Amino acid sequence: MSNTPSSAIESVLVENRVFEPSARAQQGARVAGMAAYQALCQEAQADYEGFWARLAREALVWDKPFTQTLNATQAPFYRWFEDGQLNASANCLDRHMGTEVETKTAIIFESDDGQVTRVTYRELLERVAQFANALKAMGVQKGDRVVVYMPMTIEGVVAMQACARIGATHSVVFGGFSAKALQERIIDAGAVAVITANYQMRGGKELPLKGIVDDAIALGGCDTLRQVLVFQRTATPVNMQAGRDVWLHDALQGQSTQCPAEVVDAEHPLFILYTSGSTGKPKGVQHSTAGYLLWTKLTMQWTFDIRADDIFWCTADIGWITGHSYVAYGPLAAGATQIIFEGVPTYPDASRFWQMIERHGCTVFYTAPTAIRSLIKMAETNDAVHPKHSNLSTLRILGSVGEPINPEAWMWYHEHVGGQRCPIVDTFWQTETGGHMITPLPGATPLVPGSCTLPLPGIAAAIVDETGNDMPNGAGGMLVIKKPWPSMIRNIWGDPERFKKSYFPAEMGGTIYLAGDGAVRSADRGYFRITGRIDDVLNVSGHRLGTMEIESALVAKTDLVAEAAVVGRPDDTTGEAIVAFVVLKRALPSGQEGKQLATELRNWVAKEIGPIAKPKEIRFGENLPKTRSGKIMRRLLRAIAKGEAITQDVSTLENPAILEQLANTH
Ligand code: WT7
């Protein structure tokens, strides 16, 4: 934990604008008014387990009802609804059969090139069942791990649901990750199969997926992997290895569209999703079936106030947790109609989102600040793509996720997209939390731009110091969740020690969840504001990246790099930008040579991890600023990256001359 509370205190926001929920937003809302919110909080306070038991009984369909709500005997390995049994896919699909949802549109899919496909809940169930039968015929069994490396398509969601249906644990890998990142995840998860597509379409370009799967396997070590199932997204051929690779359309041939859902224990791992931590190796965040599903459904109802006639659109890719909770599971569990979009917000131009909202009558729109900020920039330089040219009158709720939303972007979103009538829910949560933790409720919470406001009922969020003591309002500290909650991370796949060490610090007693973010509560309302990570994790365009991960990639280029240190620098569009300080195995380069080497290294990182990890800037030095004991002084590197003069104490620095060199070499 390198840059804790002090930075949080310095940047306390003075924000006097408050937006009370309109009568229209309150009307008929699931949680209408602050009194209703407080009543739920009090219910959780009075009888914590009873509160969760009630919600779990009401929200989910159980094949075997649970009798025990929370088992904390192995804390922090908490177990929820332990003796209950159910199936996630049955709770998203089968449960709607025979209701008015059966014939309702589940998915409005818009492809990169603008073709629209609609699927009803009944059709989706049949497609999932058929896919599940194909997986079974391939020998995939309950408990097996399956890696999903798919584009944003109906088939991507169907693949995830099909795994859940047969009790296989999926691990989705974002289609922008490299062969090496994919290989590491296949090995760590011990996957028996990979589900992929020949290509993916993004921004009018055809990008490989199957070819990268081949490369990943060729890197070696994927010993558990038996089969690769390939969805044919485009007409371009790919190599198919006999005995290993199967076309999806062939595998589906002759399979029944009925497949009884496999009943699993509440704690059965529904999925593993890899995310970055402080060390080099990504963590396989393991989620449960019942607790996870409960929270994705409830937060659809509470945070998005989802209603029968809503057209919900979460723009996140299924490769991230947001795409798991608010594309693949939550909307379906809640019986909502949702838009799924294959492409990118800037193709064919930067009005794509606004045009799609108009075209499909979107009512609840959920996206990331980085997307909003880049669309603001484009609208400001090219009026033709400004949202004012689209009819956005169907919108009633806007959402933000992934990073802090700055008040300027919040105000623009509110005014130009929401027409000043839509509440903005700034949802704070993480891969590990499974669903929203701290967020306004659209029909209840007065909004303050830049603040995620208050914890959801039942979520015991607090701000503490290093030893777990509560901080007063107005003072920054570390964000923790003091009580376990149903959708929390269950383990780091295959690494229970790291799970305990990363999230449940012994100094705080070993049972309190440490989020890894700094936060501060406002003096007046006690509203939370997230001030950024307190560990070595960066947030670039809402994507989470470990500095060590990027450093490991850089030093893996052994012919060139002796040492590397990576820090984040604030960036207007991407939130943070990656700046890498590199010591070469050759003399300090200058001019053209330096530029060339920087390009080579940036491309190398993109190839090792994925384009999202590409450093924005590389600076070369003969050394890095270190203490006498050899520790790299990152706070100095952060200051240099920002272009700040070094006013900090450098008395512990072994080699002060290096600062000037690093400040000048770019
Ligand atoms: C980190 C988690 C939550 C799904 C997408 C990201 C940051 C997330 C907010 C927000 C301020 C936020 C935090 C968090 N973050 N939402 N509304 N306000 N910061 O999931 O990749 O696991 O990243 O994203 O730093 O720890 P993730």
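The values are calculated or read from the model by the stated rules, or taken from the named source; none is laboratory data. Note that the coordinates shown come from a computational prediction; the quantities given were computed from them, not determined experimentally. Note that each Cβ is placed from the backbone with ideal geometry, even for glycine, and that neighbours are counted across all protein chains shown. Just so you know, the surface numbers come from the protein's heavy atoms only, side chains and all, with ligands and any DNA or RNA stripped out. Shrake-Rupley method; radii C 1.70, N 1.55, O 1.52, S 1.80 Å.
Calculate how many DSSP beta bridges within region 246-386 are antiparallel, expressed in % of all such bridges and rounded to the nearest 5.
About 45 percent, rounded to the nearest 5.
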Fill in the blank from the handout: Ignoring ligands and nucleic acids, W429 exposes an accessible area, probe 1.4 Å, in Å² to the nearest 10, of 30
Handout entry: Mean-position separation - Cα centroids, region 418-440 and region 322-389, in angstrom
Key = 16
Exercise for the section: Give the cross-link partners of K283 among the aspartates and glutamates, using a straight C-alpha distance below 18 Å as the criterion and excluding same-chain residues fewer than 8 apart. Expected result: E184, D188, E432, D495, E497, D517, D535, D536, E549, E551, E608
Exercise for the section: Work out the length of the dipole vector of the chain about its Cα centre, built from +1 on the beta-carbon of each Lys and Arg and -1 on the beta-carbon of each Asp and Glu, and round it to the nearest 20 debye. Expected result: 240
Exercise for the section: Can you sort S278, S629 by 1.4 Å-probe accessible area, starting with the largest? Expected result: S629, S278
Fill in the blank from the handout: Bridge orientation stat for the chain from DSSP, antiparallel percent rounded to 5, came to 60
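Which entries in K64/K142; K104/K210; K501/K614; K210/K377 show an alpha-carbon gap greater than 26 Å?
Cα-Cα > 26 Å for K104/K210; K501/K614; K210/K377; rest within.
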Exercise for the section: Give the calculated FRET efficiency between D572 and E415 to the nearest 0.05, with a Förster radius of 22 Å applied to their Cβ-Cβ distance. Expected result: 0.70
Problem - Cα-centred dipole magnitude for region 454-584, charges only on beta-carbon of K, R (+1) and D, E (-1), debye, nearest 20 - result: 580
Handout entry: Descending Cα extents along the principal axes, region 45-169, whole Å
Key = 52, 35, 26
Practice task
Count charges around G419 for me, please; just the other residues with Cβ under 15 Å from its Cβ, Lys/Arg as +1, Asp/Glu as -1.
Solution key: +2
Problem - Along each principal axis, Cα extent of region 610-666, largest first, Å - result: 38, 23, 19
Completion exercise
Net charge near Q232 (other residues with Cβ under 14 Å of its Cβ; Lys, Arg +1; Asp, Glu -1) is -2
Handout entry: Estimated inter-spin distance, E466 and A137, nm [label 7 Å along Cα→Cβ]
Key = 6.1
Completion exercise
Partner aspartates and glutamates whose C-alpha sits under 12 Å from that of K642, ignoring same-chain residues fewer than 8 away, are D571, E576, E617
Exercise for the section: Quick one: order C92, C41 from most to least accessible surface, probe 1.4 Å. Expected result: C41, C92
Problem - Net length gained if the chain between D223 and Q27 were fully extended (0.36 nm per residue, minus Cα distance) - result: 64.9 nm
Problem - Cα-only Debye scattering, the chain: base-10 log of I(q)/I(0) at q = 0.05, 0.06, 0.11 Å⁻¹ - result: -0.22, -0.32, -1.17
Handout entry: Dipole axis of the chain (+1 Lys, Arg; -1 Asp, Glu on Cβ), positive-most option in A191, I658, A613
Key = A191
Practice task
Provide the FRET efficiency to the nearest 0.05 for the T394-S651 pair, computing r from the beta carbons and using R0 = 56 Å.
Solution key: 0.40
Problem - Above-threshold pairs, the threshold being 19 Å between Cα atoms, out of K281/K616; K180/K607; K595/K616; K281/K607; K205/K388 - result: K281/K616; K205/K388
Practice task
Can you pull the one-decimal nm distance between simple spin-label points at K104 and L207, each 7 Å off the Cα toward Cβ?
Solution key: 3.3
Practice task
Using a 10 Å cut-off on Cβ atoms, rank the peptides 268-277, 116-125 from the highest mean neighbour count down.
Solution key: 268-277, 116-125
Practice task
Determine the distance separating the Cα centre of region 577-651 from the Cα centre of region 524-545; give it in Å without decimals.
Solution key: 23
Practice task
Once you have the Cα-Cα distance between D383 and W247, take 0.36 nm times their residue separation minus that, and quote the gain in nm to one decimal.
Solution key: 44.5 nm
Problem - Segments 97-104, 409-416, 482-489 sorted - mean Cβ within 10 Å per residue, highest first - result: 482-489, 409-416, 97-104
Completion exercise
Per-residue ellipticity at 222 nm attributable to helices in the chain (runs of n ≥ 4 DSSP H, -39500 (n - 2.57) apiece, nearest 500 deg cm²/dmol) works out to -8500 deg cm²/dmol
Practice task
Report the residues of region 151-172 in range of a label on S256: point 7 Å along Cα→C-beta, backbone N strictly under 19 Å from it.
Solution key: 162-168
Exercise for the section: Give the distance, in whole Å, between the Cα centre of region 260-320 and the Cα centre of region 188-258. Expected result: 24
Fill in the blank from the handout: Neighbours of Q45 by Cβ distance under 13 Å: Lys/Arg at +1, Asp/Glu at -1, summed charge -1
